[in-house]
Structures are given as C-alpha cells and as structure tokens.
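Colleague: Before I ask anything, here is the structure I am working with.
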Amino acid sequence: MNLPAPPSADALRDALASLLDGLPPRRAAQAVERLIASYRGATPTDSPILRDRADVAAYAAYRMPATFEAVRSALAAFAGAVPGWAPASHLDVGGGTGAATWAVSATWPGEREVTVLDWAEPALAIGREIAEANPALKQARWQRTRIGPGLAPDPVDLVTVSYVLNELTESDRAGLLDAVAHAAGAVVIVEPGTPGGYARVIAARDRLVAAGFRIAAPCPHSAGCPIAPGTDWCHFSARVSRSSLHRQIKGGSLAYEDEKFSYVAAARLPVAPVPARVVRRPQIRKGQVLLDLCETEPSLRRTTVTKRHGDLYRAARDADWGDAWPPADAGEDG
Ligand SMILES: C[S@@+](CC[C@H](N)C(=O)[O-])C[C@H]1O[C@@H](n2cnc3c(N)ncnc32)[C@H](O)[C@@H]1O
C-alpha cells in the first residue's frame, strides 16, 4: 500500500538530515555498516547496541525513514478497521528514536499523551531532539526503561512495538506481550518482512487473541493464519525515499527503496476488518489482473479479474499489495 506523504514526513526527513551535520559522511557510513553487522549477529544482547550519539544519529538517519513508513502503513490499515477511533494515549515500547510516534501522529493528527520506552539513552536523547520538529510530540516523555520482567505499563489506548521483538529473549518477548495485553486497548506490532519476523508476529498474534484481543489488520479474521508454518510468510512493502546517506551506503541511484515488513494490529474495541486483503504484488497481464487474497474462510486464494468485470477490473488495476479487496466503492458492471 503506497500512501501519500504526510507533511510530517518532510519535517522528519529535515530533522534527520540535520542530525548528520558535523558528522563526516565516511564516519556516518562506517557507523551504519557496523550497526547493520551487529543487528545481523547474535541478538538479543545484554546491553544496548546503539552506544553513542554518532551511532544513533547515523542509524536514525539511515533506518528511521523506513521504520516510520512501515509503521505508518500498518497504522493506516488499522485505522481503516476502527473508523472514528483515535488514540488519546500512546506508548511506544523499544521506541528508540521514536519512529512509531511520528507514524502515529501522521495517522491521527493532533496531540495526545505519548511515552517512549527504551534502554538506550542516546537513542532517547536523539528521539527527543528530533521530536522538537513535530508539534504533536513536544510533550512526549522519553523514559529509559529495560524491557524485562518488571515492565508493567499504565493503562493506555495504543501500544506500538516496532522492530523490537527480535532483540528480546523468548521470555522477555512473552512477558512484554502479556504486559501490553494487560495495559493496552490496542496493540500494533511491526517486524521485518522476513520468515523470522513473520513467525514472531504470528506468535504475538496468537498471544493477543488468547488474551481476548480481536485482529483488526492485516488479517480479515481472528482465526488461525492459513499459511502452513514454514511454507511462506505474510509480509507487505512500504516505499521509502532514499537519502544521500542511503545512496552512499547502498550505491546505485534509485530514488527510493521498498521496506518489507510483517505486522499485526489487534484491539479490545470492536473492529471491522477488511473482507479480504491483497497479500502479494498484483500481477497485471493483458486484459486481466491476478490477485492473491487472504479471505475470511480463512483461506488463501488467487482470483483473476478480467476486463469483463468492468469497474472491478479498473479497481484491480489500481490495487496494490496490502490493500483491501474489493475496494468499498468498486461495483461489477460487466
Ligand atoms: C531496531 S530498534 C527499533 C527502534 C524503533 N522502535 C523503530 O521502529 O525505529 C530496536 C530498539 O529496541 C531497543 N531495545 C532492545 N532491547 C531492549 C530492552 N531489553 N529494553 C529496552 N529497549 C530495548 C533498542 O535500544 C532499540 O532502540
């Protein structure tokens, strides 16, 4: 699902660019490369991977636009399932520099109570600094906290856990999910769009359903996922504009890249999930569009929409990976 850029995306980009002022480009690239290597290595770790300001500045400039877009995409799908609802309070667990707080404020504009928890003080410090550029985040609280057995958040409307589960031990992950299930009205979890990320999302989904939550997105139902374990993984894609630091590290001249992510949004409030969701990039052929759908059965099915289907065909040509199907306003006239 490709979303139009909100005004805050530009503010975030400018704030991230200014973080790198005074940091030599080579130094920034080295910090990012070292951090990517740490993230590929053995996580969880017993101390923060983000160690100092240069680390965090470089990593935020490199990764935050992508995690922001992934979370924004997940929240857009969630918002579609809870029309008229907006969180009055938001807790971002393992929030780092606060990408999810920017995504929440882009999805539901206006001020709310915002708390970001993380154990890496340099990440919180930079998050606080960047948030100065976003009026909705000026009052946010940035709290140094370790996710572990003692975590017991106060009641809150929305909890986000974005790109964090992978950094936790199995037992801290389970403990975190139980703690947020106890405190939150709604929970949105985002992980990398890899088989491992999907597996962690599904485990979290099962735990939230067992705690009484209903699944709002991406699934059209709260029953078990129809994907047989190990055969595939449900994931989506968000388009991210590349910065000059990106181009320096990754080479090439592409103006954008696609961030792959898996997610689940669950809530205690009533939800209206989509009837079906497009779970692969649609394949457009001459006179027909092939759509891979997850439906309410629950089942996975490929459907072919041809010119004969009139409006529905035109809608299928515009459909994107991650969209609801059929769109609410598409009729069949052929
Ligand atoms: C990959 S970053 C994601 C940051 C942010 N949520 C985002 O989406 O951009 C993972 C974050 O989790 C934090 N983290 C990892 N383990 C933690 C723990 N046990 N307690 C608190 N924070 C933790 C790290 O410090 C880091 O900021």
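Colleague: Would you mind computing, in nm to one decimal, how far apart the modelled labels at residue 328 and residue 301 are, each placed 7 Å from Cα along Cα→Cβ?
Modeller: Once both label points are built, they end up 2.3 nm from each other.
Colleague: If I take R0 = 35 Å and measure r between the Cβ atoms of residue 269 and residue 311 in this structure, what FRET efficiency does the formula 1/(1 + (r/R0)^6) give, to the nearest 0.05?
Modeller: Working: r = 33 Å, r/R0 = 0.93.
That pair, residue 269 with residue 311, gives E of 0.60.
Colleague: Still on this structure, I have one more. At 222 nm, what helix-only mean residue ellipticity would the chain give, in deg cm²/dmol to the nearest 500, using -39500 (n - 2.57) for each DSSP H run of four or more? Walk me through the intermediate numbers first.
Modeller: Details: 9 runs with 123 residues, N = 334.
Only helices count here, giving -12000 deg cm²/dmol.
Colleague: Next question. How high is the FRET efficiency from residue 222 to residue 244, r the C-beta distance, R0 45 Å, rounded to 0.05? The partial results should precede the final answer.
Modeller: On the way: r = 44 Å, r/R0 = 0.97.
E between residue 222 and residue 244, to the nearest 0.05, is 0.55.
Colleague: For the pair residue 211/residue 125, report the inter-label distance in nm, with labels modelled 7 Å from Cα in the Cβ direction.
Modeller: Taking the two extended label points, one gets 3.3 nm.
Colleague: Over the Cα atoms of the chain, compute the convex hull volume and normalise it per residue, giving Å³. Mind dumping the intermediate values first?
Modeller: Details: hull volume 45.2 nm³, N = 334.
Normalising the Cα hull of the chain by residue number yields 135 Å³.
Colleague: Here is a further query. Taking other Cβ within 10 Å of each residue's Cβ, how do 101, 169, 107 sort, fewest first?
Modeller: Numbers: 101 29, 169 13, 107 21.
Least crowded to most crowded, the residues run 169, 107, 101.
Colleague: Under a point-charge model restricted to the Cβ atoms of Lys and Arg (+1) and Asp and Glu (-1), what is the dipole moment magnitude of the chain relative to its Cα centre, in debye to the nearest 20? Could the numbers behind the result be given before it?
Modeller: Details: 37 positive and 37 negative charges, 170 e Å.
Approximately 820 debye in magnitude.
Colleague: A further question follows. What's the FRET efficiency of residue 203 with residue 286 using the Cβ-Cβ distance as r and R₀ = 45 Å, to the nearest 0.05? Can you show the working numbers first?
Modeller: On the way: r = 42 Å, r/R0 = 0.94.
The formula returns an efficiency of 0.60 here.
Colleague: Over what distance in Å are the Cα centres of the stretch 289-311 and the stretch 69-144 separated?
Modeller: Here the answer is 35 Å between Cα centres.
Colleague: Going by C-beta contacts inside 10 Å, put 323, 10, 157, 329 in order with the fewest on the left. Mind dumping the intermediate values first?
Modeller: Values: 323 21, 10 11, 157 18, 329 7.
By the 10 Å Cβ count, ascending: 329, 10, 157, 323.
Readers should treat all values here as calculations from the given coordinates under stated rules, not as data from a laboratory. Since this is a predicted model, take the numbers as computed values, not measurements. We place every Cβ from the backbone using ideal geometry, glycine too, and count neighbours over all the protein chains shown.
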